[in-house]
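**Student:** Let me give you the structure first, and then I'll get to my questions.
The values are calculated or read from the model by the stated rules, or taken from the named source; none is laboratory data. Quick caveat, the model's predicted, so the values are computed rather than measured. Here the Cβ is made from the backbone with ideal geometry for all residues, glycine too, and neighbour counts use every protein chain on show.
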């Protein structure tokens, strides 16, 4: 889907990434301010980390305590609801593939609604979004057939689609979450949204 | 030196860190705006990386091109002179120990002047600040006895002091450059200066 809309910007995020969650709360309004739309791409950071040698932030020595503190401070600074989940990080394949299915069958906008519902379930309500039983009611509330969505998420075609999406992301050197590409210009991190905005406003940085 | 001045904030930086350089250009003015002073602490990221398993940014797969681009964009965004050095990253033990010697013998302010001169030599003029022959004339221009400084930097007492300083930094969980600690609150990255400012202004975040 990358680059398929004129003027659209590409937004990559992992459902287990707090910074991705903060970015998800801000990206559409930021883009709209400059007449842009957003293509939402669920990402699997685990696949990326196999290439970069990265590891989940809380597992890095010295850094663990800091990142939890930073998540909470960023949430307050950006004024976004956030509660530290009991289990973090978590595998996000099922939620990511469910989103691909929603995008394919119900369109991009429903996909965004689903993504925001998944993020809120995890980072506000502390629900274990790894599980179908958690994702199904979220889908239902959005008018999505949850059982069909989970069947789709676990189907070979959607798994293959996820694999291709990750290959494309890696090809574009997407190495973190959130990651935005606007007119070929890459931005990593919600803390680069000030520079992203400058770029969208002035056409350069 | 950490915490030895009432109201002072602690600023840690590695001379090979572009983000440390950007922070060095901004930290004193930011602190002064809120009636704070700054204790400058040269840091050896190599020592930290042995603990965190980190590696210099350009060596991370997928991330290499991005970080050079980000250095240049940040410089433009913050309006700070910057030219990509031919050799990057570089070992910074000599410059860091030279700064400790300057701080001890000529005071904190001269130490800051020296640090800014070293950063400019590396990130503006592209000089190899690993070498005594490069550091000596920088010192001379600041009225520092360059030969005495290099002798001091290579002396056992200053090496021991550097070691203790790094142990203290690690004890305080300083894991990157730049790193600021204000009233016990840690901030990693020049991209957290907006939050640091909010904290200095409101006393909380």
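**Student:** Just to verify a result, which residue in region B:57-68, among those that are in a helix (DSSP H, G or I) and under 20 Å from residue A:196 (Cα atoms), is farthest from the other protein chains (Cβ to nearest Cβ)? Give the derivation first.
**Tutor:** Initial filter on region B:57-68 (in a helix (DSSP H, G or I)): B:57-59, B:64-68.
Remaining after also requiring under 20 Å from residue A:196 (Cα atoms): B:64-68.
Working: B:64: 9, B:65: 7, B:66: 6, B:67: 9, B:68: 12 Å.
Among those that are in a helix (DSSP H, G or I) and under 20 Å from residue A:196 (Cα atoms), it is B:68.
**Student:** Ok, one more. Does residue A:33 fit the bill of being surrounded by fewer than 17 Cβ atoms within 10 Å (Cβ to Cβ), in contact with a helix residue (DSSP H, G or I) (Cβ under 8 Å, 6 or more places away or on another chain) and more than 14 Å from chain B (Cβ to nearest Cβ)? Step through it out loud before you land on a result.
**Tutor:** Values: surrounded by fewer than 17 Cβ atoms within 10 Å (Cβ to Cβ): yes; in contact with a helix residue (DSSP H, G or I) (Cβ under 8 Å, 6 or more places away or on another chain): yes; more than 14 Å from chain B (Cβ to nearest Cβ): yes.
The answer is yes for residue A:33.
**Student:** Within region B:90-113, identify whether any single residue is at the interface with chain A (Cβ under 10 Å from one of its Cβ atoms) and closer than 22 Å to residue B:182 by Cα, and answer yes or no.
**Tutor:** First, pick out the residues of region B:90-113 that are at the interface with chain A (Cβ under 10 Å from one of its Cβ atoms): none.
Looking for residues that are at the interface with chain A (Cβ under 10 Å from one of its Cβ atoms) and closer than 22 Å to residue B:182 by Cα, one finds none in region B:90-113, hence no.
**Student:** Which residue, of A:112, A:180, A:174, is in a loop (DSSP other than H, G, I, E, B), touching a residue at least 60 places away in the same chain (Cβ under 8 Å), buried (at least 17 other Cβ atoms within 10 Å of the Cβ) and in contact with a strand residue (DSSP E or B) (Cβ under 9 Å, 6 or more places away or on another chain)? Don't jump to the end; show me each part of the working.
**Tutor:** Numbers: A:112 fails: in a loop (DSSP other than H, G, I, E, B); A:180 fails: in a loop (DSSP other than H, G, I, E, B).
Of the residues listed, the single one that is in a loop (DSSP other than H, G, I, E, B), touching a residue at least 60 places away in the same chain (Cβ under 8 Å), buried (at least 17 other Cβ atoms within 10 Å of the Cβ) and in contact with a strand residue (DSSP E or B) (Cβ under 9 Å, 6 or more places away or on another chain) is A:174.
**Student:** Do we have any residue at all in region A:37-56 that's in contact with a strand residue (DSSP E or B) (Cβ under 6 Å, 6 or more places away or on another chain), within 14 Å of chain B (Cβ to nearest Cβ), in contact (Cβ under 8 Å) with a residue 60 or more places away in the chain and closer than 30 Å to residue A:147 by Cβ?
**Tutor:** Going residue by residue through region A:37-56, those that are in contact with a strand residue (DSSP E or B) (Cβ under 6 Å, 6 or more places away or on another chain) are A:38-41, A:43.
Applying the additional criterion that residues be within 14 Å of chain B (Cβ to nearest Cβ) yields A:43.
Checking the rest, the ones that are also in contact (Cβ under 8 Å) with a residue 60 or more places away in the chain come to A:43.
Applying the additional criterion that residues be closer than 30 Å to residue A:147 by Cβ yields A:43.
So far as region A:37-56 goes, yes, one or more of its residues are in contact with a strand residue (DSSP E or B) (Cβ under 6 Å, 6 or more places away or on another chain), within 14 Å of chain B (Cβ to nearest Cβ), in contact (Cβ under 8 Å) with a residue 60 or more places away in the chain and closer than 30 Å to residue A:147 by Cβ.
**Student:** Residues that are outside any helix (DSSP H, G or I) and closer than 24 Å to residue A:31 by Cα: does region A:144-163 have at least one?
**Tutor:** Filtering region A:144-163 down to residues outside any helix (DSSP H, G or I) leaves A:144-145, A:154-155.
Imposing the further condition that a residue be closer than 24 Å to residue A:31 by Cα reduces the set to none.
No, every residue in region A:144-163 fails to be outside any helix (DSSP H, G or I) and closer than 24 Å to residue A:31 by Cα.
**Student:** Given the residues B:22, B:15, B:71, which is the only one that is farther than 28 Å from residue B:103 by Cα and either surrounded by 15 or more Cβ atoms within 10 Å (Cβ to Cβ) or more than 14 Å from chain A (Cβ to nearest Cβ) (or both)?
**Tutor:** On the way: B:22 fails: farther than 28 Å from residue B:103 by Cα; B:15 fails: farther than 28 Å from residue B:103 by Cα.
From the options B:22, B:15, B:71, the qualifying one is B:71.
**Student:** Please specify each residue of region A:8-30 satisfying the condition of being in a strand (DSSP E or B) and touching a helix residue (DSSP H, G or I) at 6+ places or on another chain (Cβ under 8 Å). Talk me through it step by step, then tell me what you get.
**Tutor:** As a first pass, look at region A:8-30 and keep what is in a strand (DSSP E or B): A:9-13.
Within region A:8-30, A:9, A:11, A:12, A:13 meet the criteria.
**Student:** Give region A:5-29 a look and list any residue that's in contact with a strand residue (DSSP E or B) (Cβ under 6 Å, 6 or more places away or on another chain) and closer than 18 Å to residue A:170 by Cβ, or say none.
**Tutor:** Result: A:10, A:11, A:12, A:20.
**Student:** Determine, yes or no, whether residue B:167 is within 30 Å of residue B:139 (Cα to Cα) and over 16 Å from the mean Cα position of the chain (by Cα). Give the steps one after another, and end with the answer.
**Tutor:** Working: within 30 Å of residue B:139 (Cα to Cα): yes; over 16 Å from the mean Cα position of the chain (by Cα): yes.
For residue B:167, the condition - within 30 Å of residue B:139 (Cα to Cα) and over 16 Å from the mean Cα position of the chain (by Cα) - is met.
**Student:** Kindly list, by first and then second residue, each pair from a residue in region A:86-109 that is part of a helix (DSSP H, G or I) to a residue that is at pLDDT below 95, limited to pairs with Cβ atoms under 8 Å and residues at least 6 apart or on different chains.
**Tutor:** Within 8 Å, the pairs are A:103/A:1.
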